[in-house]
Each structure stands twice: as structure tokens, then as C-alpha cells.
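What follows is a set of notes on a single structure, which appears directly below.
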Ligand code: TXA
Ligand code: MG
């Protein structure tokens, strides 16, 4: 199939949907209503949208992504009034969190209503719902007039897309259209909180932290056990997506993490030394090696590895600055994707401080590294 590229030039230029953009959004909404698939920008990552009430559309989403069909999709809405028809009831906690964090990077798991097909929820009786903040996403959903089922718009297993170009790499020829609204601001997928049980449980960390949820709710939010330790394959995880290898570059990856997680003074030296050991060994083995660091240590590695860098044996990339970990979240998936492009054979990455959004960054990095972390 030929994929239509719909570039929202006015929105990209001045952050407002213009009349030409609006026509393209109308076209995209028409595709969704007819059961087709459209990739679109959100503030977290690009989504691959389909009509969430049509089981055929959900099936097409799984097929285009190459995703196992027991991994449920998130329904995206543009207004609170769209929540009622798709849920059995709206718990008090959901109203509170919606008031605080919607529109925004928060997904809530609620009991689903009959009209939501089991194809969309991967056979579950619950449904994931999010109201994105991105103006393009909300306009598209409103024009489509249906809840939009949308997983991240990547091939299953690859890092989530944060630009329209990433989507094109993975899905060109497999979906009806791609809306280009520029890069996603946050760069990591939404926080997921399960509100379908007795107590709220954090299933996936994101820009909205467990502390922020606790403050809004005035009660404890539990962490899903799968977040803290690698999964035993016999355990059935709450968010089925957590059992698959994810965000993974093709090459094996190892993370060097400081025990205290502050990456200052002595600890930074220990991290740099341990990174050096890994990189040296990989270079000695003749592997095309990639080193992922932060702005703070970039010049150290540039000096240390002048030779291998000049010869193209080593690829050095920074994720962003430790003074603003949002910058690391924003760049992470691009950097991970680039690892495949440069055909890295071994990847050594510095860890990050796990405070605030750093917890979500480290969660994605550990998945990319299949949990290979060395603590120093
Ligand atoms: O930021 C985001 O959430 C992006 C944008 C496009 O909104 N979407 C996204 O979707 O990351 P996806 O499909 O890549 O991740 C959704 C996750 C999966 O791990 C899935 O297993 C989990 O949400 N999930 C969906 N429905 C669920 C349910 N009913 N119960 C538990 N987990 C669920
Ligand atoms: Mg995904």
C-alpha cells in the first residue's frame, strides 16, 4: 500500500494548527473512520492510530506493527465526555487524576464497557485510556469522532518513534498515512497506572511520576513487581507489554550505573573507569563499539578515545545533560535507533540518576539492555 505523508507545515512552523493543516487532519480523520491506520504525533511518542471500536482496525494495527495480539492497545480520547461510553464506571481516583494530569502523558487502566472490542484490549476486561496533550492528536481524535486505539508507531521490539521519520523507517507501505507534526516533546511513553483493582498500581513509569500520582490521590501507589526485577518468564505480568524485549537496538548493550545514582565526584570517576574497561575490551575484540554518555562526560571520552573515534571503530553519542534529565528522555529513543543505523556491534551506556523522570529513562534503558546493568 502507498503511505500518504501529511506534513503539518503550519503547526511545525508556529505551533498552531493552520487551515492547510486542518484539511490534512480532516483527510486523516476520514481514513480512521473508514477503518484505516494513521500514525500521528503525541507529546510522548508517535502513535499508530486506528478506530478503537472496530475490531478489524485493531487487527490491522497488530499486523502493521508485527505485534502479538495479546498485547492490548491504549484508547485515546480528546474530551472527558468520551470516557463514559468506553468504561464500565469511572472510579473517583480516575476523576481526580484526570483533573490533575489530563490532557497529558498519563494512561489509566479501567474496567471496559461492552462496546470496546476484546481485539482492542488483547482479550482483557479492562481498557487503557489516555487523553493526550498534543493539539494535533486531540484535533485528530475529535475529528474522527471515535476513540483512537494507538500503540507506539514502531515495529514491535524497536525503540518507540519520536519523529515522523522514525515512523517512516518502520511502517512505510504498511499503513494509510503518517501525520508529521514535528518531534515529540517528552520522548518516552506515558505513565500507566492501573485503577481497576483495590489499590492503584504503577505499571509503567513515565513523565508523571509515582510521587506526583500519590500527591494528587493522597494515598500510596504500589509499584508493579515487574518494574523492580527482571521478569521470571513463568510470571504473568499485569501490562502484557512488559514481557516482551523492548526498545532494543540489534546489538547487545550494557549499562554502567553508579550505586548512589548521583554521577558526581568519586562516583562519576568510577562510572567512567568501568565504561572504559567495557569499551576497551570490546575494541580489543575488534567490535564496532558504541558509547552512550551524557554531556557532562563527553569531552572526557572524546580525549580518551581520540584514535578509535577518528578511525570510526568507536561511535560516541550523548543522550543529553544530567542537569536536565528531560533532555535525556527526549533524546534516548533517537540515540537507540541510531545504534542500528551505525551498525554498532556492542553498546556501552552510562546509566542515569533515577530521581523523577530518570526512573522512567532507566526503565527503558534496562529493557533495551535486556537488564544487563553493572553497578559500580
Ligand atoms: O505514550 C503512550 O502511551 C503512547 C502514545 C502513542 O500514546 N502509546 C503507547 O502504547 O506507548 P503501547 O501500545 O506501545 O504501550 C501500551 C502499554 C503496553 O505495555 C500494554 O501492555 C499496556 O499499555 N496496556 C494496554 N492496555 C492494558 C490493560 N488493559 N491492562 C494492562 N496494561 C495495558
Ligand atoms: Mg510500544
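From 303, 287, grab the single residue that is more than 24 Å from residue 250 (Cβ to Cβ), surrounded by fewer than 19 Cβ atoms within 10 Å (Cβ to Cβ) and at pLDDT 95 or above.
Of 303, 287, the one residue that is more than 24 Å from residue 250 (Cβ to Cβ), surrounded by fewer than 19 Cβ atoms within 10 Å (Cβ to Cβ) and at pLDDT 95 or above is 303.
For the stretch 1-120, list the helices (runs of 4 or more DSSP H) that sit wholly inside it and hold at least 2 residues that are within 16 Å of ligand 1 (Cβ to nearest atom); which are they? Spell out how you get there, then give the answer.
Values: elements: 9-14, 19-33, 55-65, 92-101.
So the answer is 19-33, 55-65, 92-101.
Can you tell me which of (1) within 16 Å of ligand 2 (Cβ to nearest atom); (2) under 19 Å from the mean Cα position of the chain (by Cα); (3) surrounded by 21 or more Cβ atoms within 10 Å (Cβ to Cβ) is the one residue 180 doesn't meet? Residue 180 satisfies every listed condition except (1). Here's a check for you: in the stretch 329-349, which residue that is outside any helix (DSSP H, G or I) and in contact with a helix residue (DSSP H, G or I) (Cβ under 6 Å, 6 or more places away or on another chain) is surrounded by the most Cβ atoms within 10 Å (Cβ to Cβ)? Residue satisfying both the conditions and the ranking: 347. Within the set 137, 165, the sole residue that is in a helix (DSSP H, G or I), within 10 Å of ligand 1 (Cβ to nearest atom) and farther than 22 Å from residue 201 by Cα turns out to be 137. Is it the case that residue 135 is closer than 20 Å to residue 29 by Cα and either surrounded by fewer than 20 Cβ atoms within 10 Å (Cβ to Cβ) or not assigned by TED's automatic domain parsing to the domain that holds residue 36 (or both)? Against the criterion (closer than 20 Å to residue 29 by Cα and either surrounded by fewer than 20 Cβ atoms within 10 Å (Cβ to Cβ) or not assigned by TED's automatic domain parsing to the domain that holds residue 36 (or both)), residue 135 qualifies.
Can you tell me which of 183, 237, 230 is assigned to a loop (DSSP other than H, G, I, E, B), modelled with pLDDT under 95, more than 11 Å from ligand 1 (Cβ to nearest atom) and out of contact with any strand residue (DSSP E or B) (no Cβ under 7 Å at 6 or more places or on another chain)? Outline the logic, then answer.
Working: 183 fails: modelled with pLDDT under 95; 237 fails: more than 11 Å from ligand 1 (Cβ to nearest atom).
Among 183, 237, 230, only 230 is assigned to a loop (DSSP other than H, G, I, E, B), modelled with pLDDT under 95, more than 11 Å from ligand 1 (Cβ to nearest atom) and out of contact with any strand residue (DSSP E or B) (no Cβ under 7 Å at 6 or more places or on another chain).
Scanning the stretch 328-342 turns up one or more residues that are more than 20 Å from the chain's Cα centre (by Cα) and farther than 22 Å from residue 207 by Cα. So for the stretch 317-325 (the condition being surrounded by 21 or more Cβ atoms within 10 Å (Cβ to Cβ) and part of a helix (DSSP H, G or I)), does at least one residue qualify? Yes, that holds for at least one residue. Look at (1) assigned to a loop (DSSP other than H, G, I, E, B); (2) touching a strand residue (DSSP E or B) at 6+ places or on another chain (Cβ under 8 Å); (3) within 16 Å of ligand 2 (Cβ to nearest atom) and you find that residue 196 fails only one, number (3).
Screening 161, 103 for residues that are surrounded by fewer than 24 Cβ atoms within 10 Å (Cβ to Cβ) and in contact with a helix residue (DSSP H, G or I) (Cβ under 8 Å, 6 or more places away or on another chain) leaves exactly one candidate, 103. Just one of (1) at pLDDT below 95; (2) closer than 18 Å to residue 58 by Cα; (3) surrounded by 20 or more Cβ atoms within 10 Å (Cβ to Cβ) fails for residue 152. It is (1). Within the stretch 168-180, restricting attention to residues that are out of contact with any helix residue (DSSP H, G or I) (no Cβ under 7 Å at 6 or more places or on another chain) and assigned to a loop (DSSP other than H, G, I, E, B), the residue that is farthest from ligand 1 (Cβ to nearest atom) is 173.
One line per residue, one yes/no per condition, for (1) under 24 Å from residue 194 (Cβ atoms); (2) away from ligand 2 (no atom under 15 Å from the Cβ); (3) modelled with pLDDT of 95 or more:
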site: 103; (1), (2), (3): yes, yes, yes
site: 112; (1), (2), (3): yes, yes, yes
site: 119; (1), (2), (3): yes, yes, yes
site: 132; (1), (2), (3): yes, no, yes
site: 141; (1), (2), (3): yes, yes, yes
site: 147; (1), (2), (3): yes, yes, yes
site: 164; (1), (2), (3): no, yes, yes
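The values are calculated or read from the model by the stated rules, or taken from the named source; none is laboratory data. Computed from a prediction, not measured in an experiment: that's the story for all the values here. For neighbour counting, all protein chains shown are included, and Cβ atoms are generated from backbone atoms with ideal geometry for every residue, glycine included.
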